[in-house]
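Note sheet for the following structure.
The values are calculated or read from the model by the stated rules, or taken from the named source; none is laboratory data. Here the structure is a predicted model, which means the values were calculated and not measured. Counting neighbours? That spans all protein chains shown, and the Cβs are built from the backbone with ideal geometry, glycine included. When the accessible area is computed, the model is the full protein with side chains, heavy atoms only, and any ligands, DNA or RNA have been set aside. Shrake-Rupley method; radii C 1.70, N 1.55, O 1.52, S 1.80 Å.
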Amino acid sequence: MSKQSDQFSKVLCFAFLLFISSSVLAQNRVTGKVINQADNQPIVGATVQEKGTTNATQTINDGTFAINVPGNAILVITVVGYSAQEVPVNGRTNISLSLQSASGALTEVVVIGYGTQTRKNITSAISSIDNKTLNEVPASNFAQALQGRMAGVSVVNNGTPGSQPIVRIRGISSITFSSDPLYIVDGIPTGDISSFDMRDFESVDVLKDASASAIYGSRATNGVIVITTKKGKRDGKLHVGLNSYYGVQRVTERLDLLDREGFMKYAVAYRGSQVPRLLSPWVNTPIYNGTTQTYGQTNTNWQDEYFRDGPMTQTNIDLSGGNQVSRFSTSVGYTDQQGTAPGVAFRRYNFKLSSEHNISKVFTFGETVFASNSIQKGDANSGGTRSNLVNVIRMMPHMPVYDPTTNGGYRGVDATLDGGDPTNPIEDAELKNPTKNTTAKLLANAFLDINFTSWLKFKSSVGIDYANGLFYRFQPIFNDSGKINGSSATQATITNNRNLSTVLLFTQQATFDKRFDAHHVTATAVFETQQQKQKTENGRGNQPTNSLRVLNNALNQSVSTTTGENFLVSLLGRVNYDYKGKYLVSGGIRRDGLSVWAPGKKWGNFPSASIGWKVDQEDFMKNQNLFSGVKLRAGWGITGINGVLLGNTPWLVNVSANSSSYPYNNLNPGGLGSSINKLGNKELEWETTEQYNVGLDLGLFENKLTLTADYFHRQTDNLILNVTTPPSFGYIDPTVIENVGSLENYGLEFVLGYNGQAGDFRWNASANASFIKNNVLKLAEGIPNIEAGGDAADFGNYNVTNTKPGEPIQYFYGFIVDGIFQTAAEVANSPKQVAATAPGDLKFRDISGPNGKPDGIIDDKDRTKLGSYLPKVSYGFNLSGDYKNFDLGMFFQGVQGNSIYNDTRVITEGMIRFFNAGTQVLNAWTPTNINTNIPRAVLGDPNGNARTSTRFLENGSYLRLKNISLGYTIPSASLTSWTKGTVSGFRVYVSGQNLLTFTDYSGYDPEVGNRTGSSLTNGIDWAIYPQPKAVQVGIQVNFQ
Amino acid sequence: MKKNIKRIVFAASLTLIVIIACEKKLNVLDQNNPTQESYFKTAAELQNGVNAIYSNLRSGRLVGREWFFLHDMRGSETASGGAQLEQPRAELLTQPTPSTVNSVMTDVWRGTYNMINRANLVLAKAPGVTDNVPLRDRVVGEAKFLRAWAYFELVSQWGDVPMYTEPVESPTGFKGKEPAANIYNLIISDLTDATTKLPVSYSGADLGRASKYAAYAMLGKVQMQKGDYAAAKTALLQLYGKFTLVPNFLWNFDGDINDPAVSPAPTPHEFNSESVFEVAFFDKGDNNFNWGYTGEGSTQPVAIMRPQEYGIVWGNVVPSNRILNEFEAGDPRYNFTFFEEGDRILTRQGTQTGVVMTGADMNVAASTKGGITIKRVYRKYSDLDWLKSSFHPGGFNQRVIRYADVLLMLAECEAETGTPAQAAAYINEVRARPTVNMPPVAPASKNDALKAVIHERAVELAGEEVNNIDILRWRKKGYFTSLGIADPKPGQVEFLPIPSAETSTNPAIK
């Protein structure tokens, strides 16, 4: 016998022993039926579980179940929408029971991190969303489906297909670093959520306050989003589901831009002369050889050329099933979303497999594997200063998009003839700037549960999160016969950047859960380590031909690789206690050690505590019918910010060796240079946020009406700030990471829900609103304020935002416009602006001077607070109903009381330099056109009329019909007979997104993303990708 | 139960061991770069430190782009090429004072302090380097020369500025404004020390480094600006006779073109006998510029934007009417300095017939000389004699100090401290260059000698970024009153405002 088979027999022996050991305990087979108390109808899919174990089953079609349990066991019956019930077996073999419907969300099970709890016993602020709601919005990224669904959770769409929306839970907590929440998928923290298909998610729980999230300690300040994926049912059947839709997205908004006639008028007004291209002989010259169309006949609508319909489709097939021993769930998914602009698209392939096996009464083993491959096609220029939309505005209408006679097929401008140097945005997107980001991701975990006794469990799990990203860009040889920077390339350039990341997670967890009469204690202790290793490999080179698109034998090859790692070790404990299900107390602490911090600063403690009082359980509440649930909650906790965001060694001073060069003797690279480019900080340590939360959960009229209200206050101290040091320090990177400053967010959140029924018409309405305020309390010593968002070359002088103590973060900061100077005398009699100020220029208000008083001079001391991008209230409301086999859902979302700084208008009407522009410029001030708010058209804007001021500040409030859907479900009786029982459910639906938007905002989209990714440039509209309208048709089919 | 306790104790000890083992894994260091402690130990590493300062010098913030704009826009030899001239540049050109957010000015401020910080690092590390003392000392001399150059830019344009002599190591190491006199003292002491440490010349792979004579020339220039003409003369005389004017005036600005369209490549005249200090650039032939601006990135382009900015396509800058009309009739330097519509380009240093450049080729505003209004651009550092390209950052080395400049500085010193005849002798050396060959001048008085210097500096050095400094010096001396010459930039402020990027981050400056 070989050695292998020898081992095999050992394993067999072991398995046999396990089997024996588990079966020696006396087991009874218990059968029964679960019905709805209200109508005596069987309840399908209810979980029947032996209390304190994982031994469970589910009721099948007729509501019956069968389970093997000891005679003294307690059965726990749970199902969504009903109150859970516990039944002692007491030796019986047949148990039937009826469950009370608990419309409303108070009975669901909530994932609280390293454990679960029923919602009615939750003492902290947690919002949840289930699979059904997620699937209502056909979105490729699950964060989009969260938009407006939860109080205190703000989602702003940002950028092109496949880009991560900006998700903020209870406001901004960090100035320098992204305030993204922590995502946990089946227990594994992961950063990139766009790789997942949300159709695989069973539920999403958002831990908003610190008493809930502090269990994730150092990474929890921005909230934690816990995702639980689907598991198979234990009903002994195979379930097959198909979910598929197809739709189209379209951008319908258009700015009013000049056509050729308007452009010609503007050219004369601004430059004093017509552009040569629209004068003889050019005006009568064909736009290229071989056509008769002349420049004078060309009138390109660059917006129509640029925006296009973007089809989107998504299909997910899942297969699941299980019995008492094993259960599994597997799925495949495909997503394809084409952009509404050229060159951008997102495609993803998903695969998932999870299974769970009860090896014995003691051991349960399970694992989940997600694999995905996503391809994001992007536009290297989409986030740049001169984005494609900037060029769409600036491009002259007399220029053609395409030119079949050029190398590449597009046409560029000649600055001499056309008057300016915009680049062809369609050529940029399709030819010059396409990029491809391919990410292969594998996220997997495996666990072993050991049930020592009914009250003590141990769980050991291992997880891996592996991502392999490849950024590829090919910039071809081309010549668009234009004459500006970027009109041609004589060599092709290939960029090939690989990014590898492996995260290994080991978790050892012990859970104690026991009742002592009226006392119920649950305790959890965890030891966890997490290690991340990263590698980057960046390659670049040139090819003399467009047919070679790889770096093989490329010219000017450059390769660079880096490596990095970080390590997190954690110990945590939590105790939940309840007395008679009335008084609830919870307390926990996590101690994290993270390699990222300076020596001696690596450990931090993150405690939390909360209490709850279920008033409805008190005797004095027994004899009333109004309140079906009343709970008061209060929580406190301390959390941190994920230090890995700062890099692996942010405190360390490094020498950048051989990172620069000088061409001595006119040779390249000549001599290599080494220097120190950044200050370090050995004092760097954890940033901590302390948060209080008080809340109230109310259920009225048998939970037909539910209300949840929360007040929170969170204060971040030791705020980690990328402090800008003076340029005179001389460091190339003029920032240093310091723990300075402090910041608070506080606010109120409300959720209101109502369920109604009238005959066959059932409906529910829910609404949520949050009122969040932000206040900066303190900044670095010597730093009175931080300005950001300036871009003088294209968007006018001066920064756009300012951050200083006593004000909300990054408020809009600039001059106040007091009209237009009408006469030279008025200029002379007003505070001095610049030497060139003349009638027709904007009159800015003199607010302050060196002594804090108006000084008769308009300079940077006259800037003031103009507004804030933070809404006074964010809200969402959902109306859904069904009548017989039809269902209708409408979901509105909006913000109120915020400002947007519309920098796009600097491009359309700022007149800083000469390009095509918006039609407003034709209404510019002239001595004969004085009743206007558009200043004079003058070369170079000498007065700085386009500087940051109230001129471009707009109200950003909007209300949007985010989603509307209408579905029809084929009655199951007919379906079963038609399909001979193979199809158990069939729903077809149409849905639309963003179909209606109510706003006064004049730009493309009031939902303004953030080009720079900095926390100080939100709410500035720099002409980036707008949200399209979309319509889909979809089907949901279940096979059995 | 006992068994359980044993198990628990066992599990607890195991956990403790694991935690202690994990503690060690928390000590992660950067694996991609050397540290402050491990580097700058050898003279070769110290030389890399000084190379990094040169890299700042040629960056977009300084000589690669914004430095020549700052000087040319503030000087009197340029005018706007048209609407394409960007706002911050136009502001410097046309306003008496720029706003504190002016990006051109801010970039030069950043660039010079980048040089200073890197120089301070080299000087701080030098005492610990002992493996090659001669090389170490030369590197120290170079670092001091470059620090002095940077501080002179600052003190001459801004007056009182923060002075750092050691690398900043703390986030709160702010310095307030230092009186200009102290900054001049530091510059003079650095340059004096550099003259003792630097060699008289370089060869091969070291061509382009600062020499002893570069330090003397810089010292002379600084002393003049400070008003000490006697000390200036002493320093400048160190160079007299050690350099020669190149026979062809054009050789100071031509030839270094690397473009597939220009084959065979022309012969450049970099590092020639007239060049005292020049900033080296390299044309990789890929039409790229280091838009990152800082000089960081060892594989980044090392080109200069000057030929593109002042060329006929971007056409941001054209010669001013004042400089056009300054030229005497028949001065061959006029045609060496400017291209006019109707001129022949693409002649490859006169070896081919070339083509006639028309007004339609030129995206620039017209200028007027002697009543004739046509389009003109600067020819110095232009690539139009070889290439008519829509975008081509150049490889021309930028002369910072050339011997003709030194001779004319000597002439000014002589006019101030010696005799008009001695001043004339230096001026006439410049005028006698074979390709220039202009008749000698013979000023009779001090004022005539000064006028002759002012004229000669204009026509010899037009568009070479010296006029701005000259105007500041001459205005301070009152020449624009005493000599009857009009102030070319009347009302212009002497010193630029400290950039708001500095005042908003440095609490020591209010």
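Remarks
- Residue match in segment A:877-891 (condition: in a loop (DSSP other than H, G, I, E, B), away from chain B (no Cβ under 14 Å), of a type in the set (Lys, Arg) and closer than 20 Å to A:Leu1016 by Cα): no
- Conditions (1) closer than 30 Å to A:Gly581 by Cα; (2) surrounded by 18 or more Cβ atoms within 10 Å (Cβ to Cβ): number failed by A:Ser481: (1)
- The lone criterion from (1) buried (at least 20 other Cβ atoms within 10 Å of the Cβ); (2) of a type outside the set (Ser, Thr, Tyr); (3) in contact (Cβ under 8 Å) with a residue 60 or more places away in the chain left unmet by A:Pro663 is number (3).
Here's the yes/no breakdown for (1) within 27 Å of B:Thr368 (Cβ to Cβ); (2) under 18 Å from the mean Cα position of the chain (by Cα); (3) at pLDDT 90 or above:
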site	(1), (2), (3)
B:Leu62	no, yes, yes
B:Phe69	yes, yes, yes
B:Arg74	yes, yes, yes
B:Ala79	yes, no, yes
B:Gly82	yes, no, no
B:Gln87	yes, no, no
B:Gln95	yes, no, no
B:Pro98	yes, no, yes
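- Only one entry of B:Leu121, B:Leu135 meets the criterion of being open to solvent by 10 Å² or more (accessible area, probe 1.4 Å), within 14 Å of chain A (Cβ to nearest Cβ) and closer than 24 Å to A:Gly782 by Cβ, and that entry is B:Leu121.
- Of the residues making up segment B:270-286, those that are modelled with pLDDT under 90 and either within 7 Å of chain A (Cβ to nearest Cβ) or open to solvent by 40 Å² or more (accessible area, probe 1.4 Å) (or both) number 2.
- Of the residues making up segment A:920-947, those that are part of a helix (DSSP H, G or I), touching an Asp or Glu at 6+ places or on another chain (Cβ under 8 Å) and more than 18 Å from A:Val275 (Cβ to Cβ) number 1.
- Screening A:Thr545 on (1) more than 14 Å from every other protein chain (Cβ to nearest Cβ); (2) outside any strand (DSSP E or B) shows it passes everything except condition (1).
- Residue pairs meeting the criteria (Cβ under 9 Å; at least 6 apart or on separate chains; first more than 17 Å from B:Phe249 (Cβ to Cβ), in segment B:331-344; second open to solvent by 30 Å² or more (accessible area, probe 1.4 Å) and in a helix (DSSP H, G or I)): B:Glu341/B:Ala360; B:Glu341/B:Asp361
- Residue match in segment A:772-779 (condition: touching a helix residue (DSSP H, G or I) at 6+ places or on another chain (Cβ under 8 Å) and open to solvent by less than 10 Å² (accessible area, probe 1.4 Å)): no
- Residue list for segment A:348-399, restricted to those being part of a loop (DSSP other than H, G, I, E, B), open to solvent by 10 Å² or more (accessible area, probe 1.4 Å) and either of a type in the set (Ser, Thr, Tyr) or in contact with a strand residue (DSSP E or B) (Cβ under 9 Å, 6 or more places away or on another chain) (or both): A:Ile359, A:Ser360, A:Lys361, A:Val362, A:Ala380, A:Ser382, A:Thr385
- Count of segment A:454-495 residues which are among the aromatic types (Phe, Trp, Tyr) and closer than 19 Å to A:Pro434 by Cβ: 4
- Of all residues in segment A:589-599 being open to solvent by 10 Å² or more (accessible area, probe 1.4 Å) and modelled with pLDDT of 90 or more, the one that is farthest from A:Gln530 (Cα to Cα): A:Ile589
- Residue satisfying all of: in segment A:650-660; open to solvent by less than 20 Å² (accessible area, probe 1.4 Å) and at the interface with chain B (Cβ under 7 Å from one of its Cβ atoms); nearest to A:Ser595 (Cα to Cα) among these: A:Val655
- Checked against (1) in a helix (DSSP H, G or I); (2) hydrophobic (A, V, I, L, M, F, W, C); (3) free of Cβ contacts under 8 Å to residues at least 24 places away in the same chain; (4) touching a helix residue (DSSP H, G or I) at 6+ places or on another chain (Cβ under 9 Å), A:Phe620 passes all but a single condition, namely (4).
For (1) among the hydrophobic types (A, V, I, L, M, F, W, C); (2) touching a Leu at 6+ places or on another chain (Cβ under 6 Å), each residue gets a yes or a no:
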residue: A:Gln893; (1), (2): no, no
residue: A:Phe914; (1), (2): yes, no
residue: A:Val921; (1), (2): yes, no
residue: A:Pro942; (1), (2): no, no
residue: A:Asn945; (1), (2): no, yes
residue: A:Ser949; (1), (2): no, no
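- Taken together, the residues in segment A:903-927 that are within 35 Å of the chain's Cα centre (by Cα) and open to solvent by 40 Å² or more (accessible area, probe 1.4 Å) amount to 1.
- A:Leu721 meets the conditions (1) within 14 Å of chain B (Cβ to nearest Cβ); (2) in contact with a helix residue (DSSP H, G or I) (Cβ under 7 Å, 6 or more places away or on another chain) in every case but one. The failed one is (2).
- Counting only residues that are open to solvent by less than 10 Å² (accessible area, probe 1.4 Å) and in a loop (DSSP other than H, G, I, E, B), segment A:259-286 holds 1 of them.
- Within segment A:668-696, considering residues that are more than 7 Å from chain B (Cβ to nearest Cβ) and hydrophobic (A, V, I, L, M, F, W, C), the one surrounded by the fewest Cβ atoms within 10 Å (Cβ to Cβ): A:Leu696
- Number of residues in segment A:724-766 that are touching an Asp or Glu at 6+ places or on another chain (Cβ under 6 Å), open to solvent by 60 Å² or more (accessible area, probe 1.4 Å) and either within 13 Å of chain B (Cβ to nearest Cβ) or assigned to a loop (DSSP other than H, G, I, E, B) (or both) equals 0.
- Screening B:Tyr293, B:Tyr334 for residues that are closer than 20 Å to B:Gly395 by Cβ and either outside any loop (DSSP other than H, G, I, E, B) or within 14 Å of chain A (Cβ to nearest Cβ) (or both) leaves exactly one candidate, B:Tyr293.
- Scanning segment A:810-869 for residues that are buried (at least 16 other Cβ atoms within 10 Å of the Cβ), within 14 Å of chain B (Cβ to nearest Cβ) and out of contact with any helix residue (DSSP H, G or I) (no Cβ under 9 Å at 6 or more places or on another chain) turns up A:Tyr813, A:Ile858, A:Asp859, A:Lys861, A:Asp862, A:Arg863.
- Filtering segment B:340-363 for residues that are more than 14 Å from chain A (Cβ to nearest Cβ), under 30 Å from A:Pro663 (Cα atoms) and outside any loop (DSSP other than H, G, I, E, B) leaves a non-empty set.
- Exclusive hit being buried (at least 22 other Cβ atoms within 10 Å of the Cβ), more than 14 Å from chain B (Cβ to nearest Cβ) and among the aliphatic types (A, V, I, L, M), set A:Ile934, A:Ile970, A:Ile930, A:Ile900: A:Ile900
- Some residue of segment B:107-115 being part of a helix (DSSP H, G or I), closer than 30 Å to B:Leu324 by Cα and either at the interface with chain A (Cβ under 9 Å from one of its Cβ atoms) or open to solvent by 10 Å² or more (accessible area, probe 1.4 Å) (or both): yes
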